[in-house]
Every structure is written in C-alpha cells, then in structure tokens.
Amino acid sequence: MTNPFSLLIGWLLDLIFGDPARLPHPVVWFGKMIASCEQSLNKGSYRKLKGALTAISLILFAFALAWMLRRVLGIFALFIFDGTREQVYQIPILLYLFDAIIIFYCLAGTTLIREVRAVFLALDRSLEEGRKQVARIVGRDTSELSAQEVRTAALETLAENLSDGVIAPLFWLAILGTPGMLAYKMVNTLDSMIGYKTDRYRDFGCWAAHIDDIANYIPARLTALLMILSTGRLGLLRFVWKNGRNHASPNSGYPEAALAAILDCRFGGPHYYFGELFDKPYIGTNDRPLTTDDMKIAVRINRIAEVLMVLLTVSVSLFALLSIPS
C-alpha cells in the first residue's frame, strides 16, 4: 500500500508542474516499446494472437518492474530511535520518494487542463490555430473542424481524460499501489496507440482495447459520479445513466455525459479517425454554441472531482495502514 504522504506529494507536484516535459517520462518509454513491438509483429498471420501477447507482456512488465524496484528500495530505510533507544522506527525514505515520483508521472490533470485552455486561447486567435492546438490532444482528424467542433472536441477530451489521466490512475493506485498505477498507464498507452478499429490495428490492437475497457469500467463511472457530486445536482445522474451508453466506447460516454449534463450541451457525432469516418451517437440534444465560460466551468468541475478522488484514495490508504496489526 502506498503511503498517503507519497500520494499527496506526487499529486501536489502534478498540480504545480504538470507533465515534466524536459525529464525522462515512463509513458514515453512505454510508447517506444509499444511502437517497436507493433512494427515488428503487426504483420503476417496471427496478428490478434501476437497483439494479445504483446499487450499482456508489456502490462505485466510494467507491474513487475515497479514491484521489484519497490522491493529493492524498501530495503534502504532511515532508522529513528526513541529517547530510550529501546524502540526503533524504520522509514523507507527511498521507497516513499519512488512512489511520489511514480504518482507525479502517472497523473495528468494539470497538463490536460493547460492543453484545453490553450485550445480555446488559440481559437480566439484563429480557427487554424485552434485546429492545430486541439490536434495535440485528440485522435480525430482536425483539419476540417469548425470552431464549434474544435471546442466540442476539447471539452469531450477534458471529460474523458479526467477518467483516463486522473481518476483511473488513482483508482488503481488504491487497489494495487504504484505497480498497479504504472501498469494502468501501460494499458492506457497501449489503447491510445493501437486500440483502434482501423484496418491496421483492428486485429493487433483488439486485446489492448478490450483490456483498457475492463480497466476503465469502474473508474469511468466513478468519474461521472464525482463530476456530478462536484455540482451538487444529483438529479443530473439520470441524464448520465440515459446517455452514458451513447458512445462507441463502453466507458468514455459516462464522463462525457456528465459534462454534457452539467453544461447542457451536446457531444458526440460523426468524426474522422485516420481517414475513416466513425459515426458516433450524440450525447445530449442541446446543440448550442460552446464558449470560453463553458471551458472555465468544465475546468472547475475537473479540479473538484480530482480533489474528491485524492481524498478518497488517501482515506483508503490510511484505512489500510491502520488495519495492519502492530
């Protein structure tokens, strides 16, 4: 179980700095590993089997690596004696530091908010700048998007990645510690790179997409609940329950439905991915123009939901620690 102080330190580092662009990042390493495997194995026969073995092997590797490093670092401890020198306390400083760094790397709340704000600011300057900026955070083709579609894409991503980038990592941290959190980031990176139903990835990325669906099933619904709790308008849960299934993904529709309910707007619809048209269902019916004020509301909701999840995870960690027999 991760020490709650490591969690708070890692979360505060993300809150202040966001993703460390100039430092080595495990997700970048994960991406290079996935790309190398895909280029080597995604050809010829048995692509689905090779994709399954690739996904499972990389996820287990991420978990095992973090687990082994924690075991090694846990050996090195600071020994503190009480006044009588009869009682000694072991504080595994390096282990706590390692956990804090992993949590810092695995959370993406601040960077996501910065990127979404940048989309709206770029769009204020020109439609072309808005398209280029939103292309940094979405997988769909953005070259032909209207200003309304750029804003919609940014807010959909903000809601969806609150689950993928904040709530789900913290959920798996609470369940399996930092090894589970790092393994989840591998799951999410696999899905974001190869989990598409295109001709190239349909077979090879099949297992990666299904594993991601399983890993996000509870966190996506928990994200929607926390977003609605952030507003205090529990009646909106009916909208989420009705519209959360209106999505190609079994999970992404729930946080998107929560934000659509809060903003009283419409998300979804057809989009191009890698040159192929995907006809996604709509979430909501009010196709009103979205504004910068809507973005500010969405950012505030994200932050409150994030704080609620951090408090929940800290509570789980403290309960686990207090339950350990002395």
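Brief remarks follow.
- Hull volume in cubic angstrom per residue (convex hull over the Cα atoms of the stretch 120-234): 126 Å³
- For the chain, the longest principal axis of the C-alpha atoms and the axis of helix 109-125 are separated by about 30°.
- Only the Cβ atoms of Lys and Arg (+1) and of Asp and Glu (-1) were treated as charged; on that basis the dipole of the chain about its Cα centre amounts to roughly 300 debye.
- Counting heavy atoms of the protein chains alone, residue 189 has an accessible area of about 10 Å² for a 1.4 Å probe.
- The 1.4 Å probe gives accessible areas that order 265, 37, largest first, as 37, 265.
- Segments 43-50, 251-258, 96-103 sorted - mean Cβ within 10 Å per residue, highest first: 251-258, 96-103, 43-50
- Seen from residue 214, the other residues with C-beta closer than 15 Å to its C-beta sum to a net charge of -3, counting Lys and Arg as +1 and Asp and Glu as -1.
- Mean Cβ neighbour count within 10 Å, used as a protection proxy, ranking 59-69, 288-298 highest first: 59-69, 288-298
- Of the solvent-accessible surface of the chain, computed with a 1.4 Å probe and all protein chains present, 64% belongs to carbon and sulfur.
- The Cβ shell under 14 Å around residue 27 holds other residues with a net charge of -2, Lys and Arg each +1, Asp and Glu each -1.
- If you wrap the Cα atoms of the chain in a convex hull and average its projected area over all directions, you get 18.8 nm².
- Per residue, the stretch 181-326 exposes an accessible area of 49 Å² to a 1.4 Å probe, with every protein chain left in place.
The values are calculated or read from the model by the stated rules, or taken from the named source; none is laboratory data. The shown structure was predicted, so the numbers you read here are calculated from the model rather than taken from an experiment. Backbone-built Cβ (ideal geometry, glycine too); neighbour counts: all protein chains shown. With ligands, DNA and RNA removed, areas are computed over all heavy atoms of the protein, side chains included. Shrake-Rupley method; radii C 1.70, N 1.55, O 1.52, S 1.80 Å.
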